[in-house]
Amino acid sequence: AQSVAQPEDQVNVAEGNPLTVKCTYSVSGNPYLFWYVQYPNRGLQFLLKYITGDNLVKGSYGFEAEFNKSQTSFHLKKPSALVSDSALYFCAVRALNRDDKIIFGKGTRLHILP
Amino acid sequence: DVKVTQSSRYLVKRTGEKVFLECVQDMDHENMFWYRQDPGLGLRLIYFSYDVKMKEKGDIPEGYSVSREKKERFSLILESASTNQTSMYLCASSQLATVTDTQYFGPGTRLTVL
């Protein structure tokens, strides 16, 4: 069975500092990995995804994520945090078999401190 | 841009009432999904549909049913609402032909059952 874990419920970062939101996964076979963001009182918005190829994936709003197969991780990163990045972030995974549903993590709340 | 709309942003119902949550997408997507979002639990899949009149149970279907009579519309039905169904409900859609399955979310309906 596939699963995804976000080990931190909350991450606090000072504005201008680099940020990392962690995600680890477990699937049989090759994974498809996603990051979504949810701003207050809004639905989820797609940020980026890893399908194949370059392990460093660039997405919206200056975010990027690094796929690490040996550590089964897909951490979300940004070089310089903005206060407007404060939101709830979800990692998601699915395996190659298209009958598998996307599984979402429990979410990590990111607070960027001015 | 894909647009997914949900009929209500906020809804208050009484225990035992029948509740309809409506979702409409305008990008001719085959797949549609209903999730509920609860703090600390992330997103949990209730039901999904790959085609008109087709439905599949997700991880937590108990107490819910769905209807998909038209491709663009996917309805979630609470036959007899209970207080433990107080939650944020999110609808999403994606293209069948794309195994990478980027999902596009509506703004959510916050349902309170008294």
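Some points to look at:
- For residues of A:40-51, the mean tally of beta carbons on other chains within 10 Å: 4
- Listed residues A:S70, A:S84, A:S26, most fluctuating in chain A (Gaussian network, C-alpha, under 10 Å): A:S70
- In order through region A:105-114: 3J(HN,Hα) via Karplus (6.51 cos²θ - 1.76 cosθ + 1.60), integer Hz, x for Gly, Pro: x, 7, x, 10, 8, 9, 10, 9, 8, x
- Over chain A, Cα pairs under 8 Å with separation of 6+ residues give a relative contact order of 38 percent.
- Considering only beta bridges that DSSP places wholly inside the protein assembly as shown, some 90 percent are antiparallel.
- Qualifying trypsin sites (Lys or Arg not before Pro) in region A:28-80, where qualification requires a DSSP coil assignment and no more than 15 other C-beta atoms within 10 Å, comprise A:R42, A:K69.
- Buried solvent-accessible surface, both chains (A, B), 1.4 Å probe, Å² to nearest 100: 1900
- Max mean-square fluctuation residue, GNM over chain A, Cα-Cα springs under 10 Å, options A:L33, A:L88, A:L56: A:L56
- B:E17 long-range amide H proximity, modeled H, under 5 Å: B:A81
- Using distinct alpha-carbon pairs, which all enter the 1/r mean, Kirkwood radius of region B:58-114 in Å: 13.2
- Solvent-accessible area per residue for the protein assembly as shown (1.4 angstrom probe, square angstrom): 48
- Placing +1 on each Lys and Arg Cβ and -1 on each Asp and Glu Cβ, with no other charges, gives chain A a dipole about its Cα centre of roughly 200 debye.
- Estimated vicinal HN-Hα couplings, Hz - region A:53-66 in sequence order (Karplus 6.51, -1.76, 1.60; Gly, Pro = x): x, 4, 5, 9, 10, 9, x, 6, 6, x, 7, 9, 9, 10
- Spherically averaged projected area of chain A from its Cα convex hull (nm²): 6.9
- Calculated on the Cα set of region A:57-99, radius of gyration then Dmax: 12.8, 39 Å.
- Note on chain B: GNM, Cα springs under 10 Å; of B:V66, B:V12, B:V52, the largest mean-square fluctuation is that of B:V12.
- In chain B, Rg over Rh equals 0.95, where Rg is the alpha-carbon radius of gyration and Rh the Kirkwood radius from pairwise Cα distances.
- Rg/Rg_globular for the protein assembly as shown, with Rg_globular taken as 2.2 N^0.38 Å and Rg from C-alpha atoms: 1.01
- The mean sequence distance of close C-alpha pairs (under 8 Å, at least 6 residues apart), as a share of the length of chain B, puts its relative contact order at 36 percent.
The values are calculated or read from the model by the stated rules, or taken from the named source; none is laboratory data. Because the structure is a prediction, the values reported are computed rather than measured. Glycine gets a Cβ as well: all are built from the backbone with ideal geometry, and neighbour counts include every protein chain shown. Side chains are part of the model used for accessible areas, which takes the heavy atoms of the whole protein and leaves out ligands, DNA and RNA. Shrake-Rupley method; radii C 1.70, N 1.55, O 1.52, S 1.80 Å.
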